[in-house]
Amino acid sequence: MNKRYSILSIVAVVAVAGILFGSTYSNTQVGSGNAQSVSPATIDKVTPQTIDSVTAKDVQSVGGIAFNMVGADAIPLDQVAAEQAAGRTVHQITLTAESVKLPIPGGQMYDAMTFDGQVPGPTIRVTQGDVIEVTLNVPSTELTGHSLDMHAGRISAVPNFGPVMPGKSNTYAFIANTPGAFKYHCEGVGVIGMDQHVLSGMYGMVIVDPLNGYHKLLITRTATQNGQVVLNQTLIDPAAYEFTLQFNQLYLNSDGSYDQTAMFLHNTTWTVINGKPFGYDPVVTKVWNNAPVAHDKSAPLILPVGQHIRYFVLNQGNMPVFFHIVGGQMDRVTQGNMVQAMGTQTWNIGGSQDAIVDVVYDEPGAYVIVNHDYAAIFTGAAAIQLAQANPAPNPSDAVAPPSSLPDTSIPQQTFVHCECTDDRANEIGNMTGSMAGNMTGQ
Ligand SMILES: [Cu+2]
């Protein structure tokens, strides 16, 4: 590695590690004081547009408002059962760190680091207010320690995201209080190696469905009436055909090992969507079409025309994602179940940020999802979608599992299509009736 970057790297790691792990950790309880609960009706009067100007007088005028801070997201493990008894659903999730070799275009292999032998790691799906109790296992065969940072909760990094050395495991629990599509990732060993571990594959998604479900989708087009152009608006059901799309980069030396110098320079070797460069593009990745195992083949996403499509988009990488659908527009973009845009062409998703994108395709055709950064497109950030009147079974495992919420997901047939080991592909293939590679951890 270039000496300058080597020194920079060490300085950066020491600085971050000092901040994260050098401080003394104490488990602070958020006190409830004399605060009183707020009814949903009262909350509704305070909108994001007005909250900045709310004064004590305003608060009095709406009947008094005081947030009842009964606790943080983090839950001590011995209190998980009590939360369950009180009515929360508990998801016990286990992830296993696995360093493996995975293919890249040209038939070459690279040194991947994974959760459960697949990139991205298993998608975890819960409902807002559920408890996630997660265990990271690091087998004794691993040559390095790993860790697990979950963005779906407000929980202290220390000690929860700390190093788990080979042969050890670590468990923590939290309430998923905020809806969205959240990143989880390895932090290396006390953040040392975090870049290598994440950019080599140790990342995944937690979908937190809103407690009261997704909003109906307003579709705005135009029509002609009595010789005039008029708005033609339709409100469609929240239930949608769903896909997860996770963007990242690979920075590789010619032997398939991690290239940190290339990372510092943002000199991408491959850009991946759901773990593969051009993974939904059978034209570019011909090599995979001749692969002997199904999970190494590439296939486009198949979408139904005129139906509600929902994408959970997550930027796992080191570069912005200018999310764009060639030939399409986004009917809605939401974050935290709050609408951010309606009718937009491109949505900028920064590093470790998510967006939930809703679209209706009016006509059959090919619509390519890209990161509208040319360096990203031509290194792999292009996924072909075919919108059809009568779609064949969807050739993708990108579908999230149905939530416990009614009226959320329209189940789709799935197909093993992950950047994963043969063993993992076989395991997923045997998960009859469930969504490939994903889990709710019930
Ligand atoms: Cu790791």
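Here are some notes:
- Contact map, the stretch 156-177: residues that are among the polar types (S, T, N, Q) paired with residues that are surrounded by 21 or more Cβ atoms within 10 Å (Cβ to Cβ), Cβ distance under 6 Å, separation 6+ or inter-chain. Pairs shown: 160/172; 170/136; 170/164.
- When residues in the stretch 382-391 are screened for being among the polar types (S, T, N, Q) and not in a strand (DSSP E or B), 1 of them pass.
- Qualifying residue in the stretch 178-188 (condition: among the hydroxyl-bearing types (Ser, Thr, Tyr) and modelled with pLDDT under 95): no
- Counting only strands (runs of 3 or more DSSP E) wholly contained in the stretch 207-258, the ones carrying 3 or more residues that are in contact (Cβ under 8 Å) with a residue 40 or more places away in the chain occupy 217-225, 241-250.
- In the stretch 156-203, the residues that are closer than 30 Å to residue 357 by Cβ, in a strand (DSSP E or B) and within 12 Å of the ligand (Cβ to nearest atom): 184, 185, 203
- Number of the exception - residue 395 against (1) at pLDDT below 75; (2) farther than 22 Å from residue 314 by Cβ; (3) not acidic (Asp, Glu): (2)
- Looking only at residues in the stretch 344-381 that are polar (S, T, N, Q) and in a loop (DSSP other than H, G, I, E, B), the one that is farthest from residue 317 (Cα to Cα) is 345.
- Residue that is farthest from residue 91 (Cα to Cα), among those in the stretch 137-150 that are within 9 Å of the ligand (Cβ to nearest atom) and part of a strand (DSSP E or B): 146
- If you check 274, 212 for being within 17 Å of the chain's Cα centre (by Cα) and either within 16 Å of the ligand (Cβ to nearest atom) or modelled with pLDDT under 95 (or both), only one passes: 274.
- Screening 261, 222, 268, 234 for residues that are under 25 Å from residue 121 (Cβ atoms), out of contact with any Gly (no Cβ under 8 Å at 6 or more places or on another chain) and of a type in the set (S, T, N, Q) leaves exactly one candidate, 268.
- Every condition in (1) over 20 Å from the mean Cα position of the chain (by Cα); (2) closer than 29 Å to residue 266 by Cα holds for residue 199 except the one numbered (1).
One line per residue, one yes/no per condition, for (1) buried (at least 19 other Cβ atoms within 10 Å of the Cβ); (2) modelled with pLDDT of 95 or more; (3) within 21 Å of the chain's Cα centre (by Cα):
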residue: 115; (1), (2), (3): yes, yes, yes
residue: 119; (1), (2), (3): yes, no, yes
residue: 124; (1), (2), (3): yes, no, yes
residue: 135; (1), (2), (3): no, yes, yes
residue: 139; (1), (2), (3): no, yes, no
residue: 145; (1), (2), (3): yes, yes, no
residue: 151; (1), (2), (3): yes, yes, yes
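- Scanning the stretch 153-173 for residues that are at pLDDT below 95 and of a type in the set (Ser, Thr, Tyr) returns a single hit, 156.
- Test for residue 153: is it within 13 Å of the ligand (Cβ to nearest atom) and outside any strand (DSSP E or B): no
- For the stretch 277-296, a residue qualifies if it is at pLDDT 65 or above and either in the same structural domain as residue 112 (by TED's automatic domain parsing) or buried (at least 16 other Cβ atoms within 10 Å of the Cβ) (or both), and the qualifying residues are 277, 278, 279, 280, 281, 282, 284.
- Within the stretch 156-179, tally of residues that are under 18 Å from residue 89 (Cβ atoms) and touching a strand residue (DSSP E or B) at 6+ places or on another chain (Cβ under 7 Å): 8
The values are calculated or read from the model by the stated rules, or taken from the named source; none is laboratory data. These figures come from a predicted structure and were not determined experimentally. Heads up, the Cβs are rebuilt from the backbone with ideal geometry, glycines too, and the neighbour counts pull from every protein chain shown.
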